[in-house]
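Have a look at the structure below, then the notes.
None of the figures in this text is laboratory data; all of them are computed from the coordinates on show. All values derive from a computational prediction rather than experimental measurement. Every residue, glycine as well, gets a Cβ built from its backbone with ideal geometry; the counts of neighbours run over all protein chains shown.
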């Protein structure tokens, strides 16, 4: 939802409302065909205003929570004002009929007035019910959005834990490999140490043998 779209609908509604609010007073001063045309025009404009308000409600459902409260307040005020204009128009119709009908018709118009009042009361109840449903729907949407966000956070945490587990597995494998390498290195060092000792012993034996041979040669050459 864009606040720009909501503002466009708001301007359309204000234009229609400015036109509608002049009609009840005009209806009181009109009669005959002029009055019928005025009533038809009011009904048409009122229907257009209802469509605009419905469009604003649709925009409200997808609005960010930071804008939703202010927009919802505006929408309730617009519906209240539109309902008042409808009542004023009905009153102007009844007032016109009473001022131009004979006295014998007063009971009929009194009954019509009561019926209109009952209809207005029912309409107000329907509007309240609709508003309650809208509030419940918004609450459900907020709950669903919160659940989706919580699910997403849980998914991210699980993915992060999975990555950390993989890192730990790789670290453990590297430690195991390092331990194996150290074991092989120790074995190699021990083997080299044994070879070094063996080489030293062989070298000592060879030196002793050479000294013995040299002594034998000297003895045979000079003392026999």
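Values computed for the structure shown
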| read-out | value |
| --- | --- |
| C-alpha long axis of helix 3-20 to longest principal axis of the chain, angle in ° | 0 |
| GNM result for the chain, Cα springs below 10 Å: residue of 188, 158, 213 fluctuating most strongly | 213 |
| Ratio Rg/Rh, restricted to segment 114-224 and using Cα atoms, in which Rh is the Kirkwood radius | 1.95 |
| Choice from 187, 36, 90 showing the highest fluctuation, given a GNM over the chain with Cα pairs closer than 10 Å | 187 |
| Relative packing of 8-18, 146-156, which averages over residues the other C-beta atoms within 10 Å, highest first | 8-18, 146-156 |
| Area projected by the alpha carbon convex hull of the chain, averaged over all directions, nm² | 22.2 |
| Relative contact order (%) - criterion: Cα under 8 Å, at least six apart; region: the chain | 18 |
| Radius of gyration, Dmax [segment 3-98; alpha carbons; angstrom] | 15.4, 51 |
| Peptides ranked, highest mean first, by Cβ atoms within 10 Å: ranges 52-60, 127-135 | 52-60, 127-135 |
| Estimated 222 nm signal from helices in the chain, with DSSP H stretches of n ≥ 4 weighted -39500 (n - 2.57), rounded to 500 | -34500 deg cm²/dmol |
| Segment 1-77: relative contact order as a whole-number percent, Cα under 8 Å and 6+ apart | 45 |
